[in-house]
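See structure below.
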Amino acid sequence: TSCFSFTPLNKSTYKVVQDDSLNELPFIYVKVYPTLLVLIDTGCGPNHAKDPTVEEKSVRRYIETNLDKEGKLKYVDPETSETKNKHWLVFITHTHYDHIGGLFEFADDSSIFISGYSQEYILKDLGCNSLCCAFNIPTPKFTVSHWLEQNEHLTFNGVDLHLEALITPGHTPDEIALYDSEEHVFYAGDSLYEVLPIYIIETSNMIEYVASIDMMLKYVQAKNKE
């Protein structure tokens with residue numbers, strides 16, 4: 001038993017939803033590449049399963065177990081014929097607690113990508129800015145591997161990820177969106193919810209938020225025309 005669900009979203013991507021005690025129900029996405037795995041957000045962390053009796057509370061172990069069942073966790077190096085684990089690339093749409101609560105599970109051996117628009121917001125007082133302190137969640141320690149830039153086409157070690165980053169401040173200063181040009185999917189982070197209101201708090205900026213929504217709308221309209 002676990003506090004997660006694991007659902008195919010398209011031919012390369014899975015949607016993971018955490019059933020958490022904070023009632024955030026964070027959406028987590030995993031995109032599978034031949035030698036890499038991309039994770040978009042990490043959920044609330046293992047201490048916040050709604051049902052504390054479930055056996056599996058680790059988002060990483062849960063995802064890797066499911067990928068291993070499908071033969072998508074490892075690859076064979078063509079040069080050495082060795083079987084290797086795929087490398088994790090973790091994209092954080094913004095650093096609120098329900099998106100970085102499980103980040104510590106990836107901090108030691110993964111590459112972490114975060115918005116470069118407001119680095120001070122992340123580096124100065126992440127405990128308060130992430131609301132981890134407010135909800136008594138340990139603030140994860142990690143090193144940013146790459147600060148994302150506006151309209152950056154993303155590659156890693158020569159591999160084209162078919163992802164483009166958009167800097168979309170407003171809900172938080174470090175909010176980003178990602179566009180998957182391979183699957184034609186737009187990940188808006190917490191700039192847009194399907195069924196819940198958007199929270200505007202002390203670190204939010206309504207002027208930037210409206211500008212970001214306008215920019216994302218025009219971006220998606222342009223991609224749809226293509």
**Asked** Within region 180-205, how many residues are open to solvent by less than 70 Å² (accessible area, probe 1.4 Å) and acidic (Asp, Glu)?
**Response** 3
**Asked** Mind checking which residues of region 1-27 are under 16 Å from Ile100 (Cβ atoms) and either small (Gly, Ala, Ser) or in contact (Cβ under 8 Å) with a residue 40 or more places away in the chain (or both)?
**Response** Val16, Gln18, Asp20, Leu22, Glu24, Pro26
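Name the one entry in Leu73, Leu148, Leu131 that is over 18 Å from Leu22 (Cβ atoms), touching a Phe, Trp or Tyr at 6+ places or on another chain (Cβ under 7 Å) and either touching a residue at least 24 places away in the same chain (Cβ under 8 Å) or not aromatic (Phe, Trp, Tyr) (or both). Walk me through it before giving the result.
Working: Leu73 fails: touching a Phe, Trp or Tyr at 6+ places or on another chain (Cβ under 7 Å); Leu131 fails: over 18 Å from Leu22 (Cβ atoms).
Answer to the check: Leu148.
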**Request:** Give the residues of region 85-99 that are touching a strand residue (DSSP E or B) at 6+ places or on another chain (Cβ under 8 Å) and in contact (Cβ under 8 Å) with a residue 40 or more places away in the chain, sorted by residue number.
**Result:** Lys86, His87, Trp88, Leu89, Val90, Phe91, Ile92, Thr93, His94, Thr95, Asp98
**Message:** Can you say whether Ile137 is part of a loop (DSSP other than H, G, I, E, B) and either on the phi < 0 side of the Ramachandran plot or in contact (Cβ under 8 Å) with a residue 60 or more places away in the chain (or both), as far as the supplied structure shows?
**Reply:** yes
**Item:** The lone exception for Ser5 - which of (1) modelled with pLDDT of 95 or more; (2) surrounded by 18 or more Cβ atoms within 10 Å (Cβ to Cβ) it fails
**Value:** (2)
**Close pairs (6 angstrom Cβ cut-off, 6 or more residues apart or separate chains): over 13 Å from Tyr219 (Cα atoms) in region 168-183, open to solvent by 20 Å² or more (accessible area, probe 1.4 Å) and assigned to a strand (DSSP E or B) anywhere** = Glu182/His162
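The values are calculated or read from the model by the stated rules, or taken from the named source; none is laboratory data. Fair warning: this is a prediction, and the values are worked out from it, not measured in the lab. All Cβ positions, even for glycine, are placed from backbone atoms using ideal geometry, and neighbour counts span all protein chains on display. The accessibility values were calculated without ligands, DNA or RNA, using every heavy atom of the protein model including side chains. Shrake-Rupley method; radii C 1.70, N 1.55, O 1.52, S 1.80 Å.
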